[in-house]
Amino acid sequence: MGDHMPVHLGSMPTSVRAAVDALSLDAGDIAILNDPFAGGTHLPDITMVLPVLVEEKNKPLFYVATRAHHADVGGKYPGSMGLCRTIDEEGVRIPPAKLARRGVIDKAFLKTILESVRTPEEREGDLTAQVGACRVGEMRLQEMVARYGGEKVQRLCNELLDYSERLMRAELSHMPAGKFSAEDFLDSDGFDDKPIRICTSIQFDPTSASALVDFEGSDPQVGSSMNAVFAITYSATYYVFRCLLPEDAAANAGLMRPITSTLPSEAY
């Protein structure tokens, strides 16, 4: 989770939420997704989510997740990063679905994905590595639970989120009150020469130690693959505010609790 990759850094909560909302995840299940309109970013970024059930509870206490940018996910162009008119031209689109059930990989579903890409052996290796990463994460959490108990680990996780929120609020409490705006332009959408306006304003309220980020005034969706869905916009916003804090600040969703992001009505 490098700080130089803002799209990956802050969009994971959106992907996990999409998987949890769409699926009923049991022990050993692994959800997979890359759909930009269902928690994903762009199609080469594939996310997996695994629930962690402990102490024979019916609901997961934790979720572990992994995301990888894959070198190719099919589509019109090698590398899956060319200019496209439709999302189907970009590559294989995976809404939240179960890649594994009760610890067993759905080979038919995996085969469908692999048949849609240019380098199926490479993709299979990378996807298998993601599965392994999720299972190692689950194992490490289970070890922590066995040592400290599920309630204590969950309480400490919540405290870490609360701590990050306090750090951000402390920073925002020193910001000048008021509304500040800026704009910039992309050269074009890749198909014509019309510049694309990106406009944002930030309203700071030091009294409540909060901020409102509003993208109203930005141009509406364009006819190419240059658009940014909410997960990307949220993540880029997260990155900017994360940079206000010291390097050793815990990077998690607690940082965004004091910050509200709104998109133009045309974005929907």
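What follows draws every value from the coordinates through simple rules; no lab data is involved. Note that this is a predicted model, so its numbers are computed, not measured. Note that each Cβ is placed from the backbone with ideal geometry, even for glycine, and that neighbours are counted across all protein chains shown.
Output needed: percent of Cα pairs per 10 Å distance bin for segment 1-43, bins running from 0 to the one holding the longest distance.
27, 49, 22, 2
At 222 nm, what value in deg cm²/dmol follows for the chain if DSSP H runs of at least 4 each add -39500 (n - 2.57) and the sum is divided by all its residues, to the nearest 500?
Here the helix-only value at 222 nm equals -11500 deg cm²/dmol.
Principal axis lengths of segment 1-83 from Cα atoms, whole Å, largest first?
The Cα atoms of segment 1-83 stretch 48, 27, 19 Å along their principal axes.
Helix by helix through the chain, keep the DSSP H runs that span 20 Å or more along the axis on Cα and average at least -0.5 on Kyte-Doolittle, and give those back in order.
6-22
Measuring from label point to label point, each 7 Å out along Cα→Cβ, what is the residue 101 to residue 250 span in nm?
The modelled label-to-label distance comes out at 3.7 nm.
State, to one decimal in nm, how far the label point of residue 222 lies from the label point of residue 21, with both points 7 Å from Cα in the Cβ direction.
Label-label distance for residue 222 and residue 21, simple model: 2.8 nm.
Quick one: if the Förster radius is 41 Å, what FRET efficiency do residue 147 and residue 174 give, using the C-beta to C-beta distance and rounding to 0.05? Before the final figure, lay out the partial values.
Numbers: r = 39 Å, r/R0 = 0.96.
So, using R0 = 41 Å, E works out to roughly 0.55.
Can you pull a Stokes-Einstein diffusion coefficient for the chain at 25 °C (0.890 mPa s), Rh from Kirkwood over Cα pairs, as a whole number of µm²/s?
After rounding, the answer is 121 µm²/s.
Sorted by mean Cβ packing within 10 Å, highest first, what order do the peptides 240-246, 252-258 take?
Per-residue Cβ counts within 10 Å, averaged per peptide and sorted highest first, yield 252-258, 240-246.
Sorted by packing (mean other beta-carbon atoms within 10 Å per residue), highest first, where do 203-212, 164-173 land?
Result, highest mean Cβ count within 10 Å first: 164-173, 203-212.
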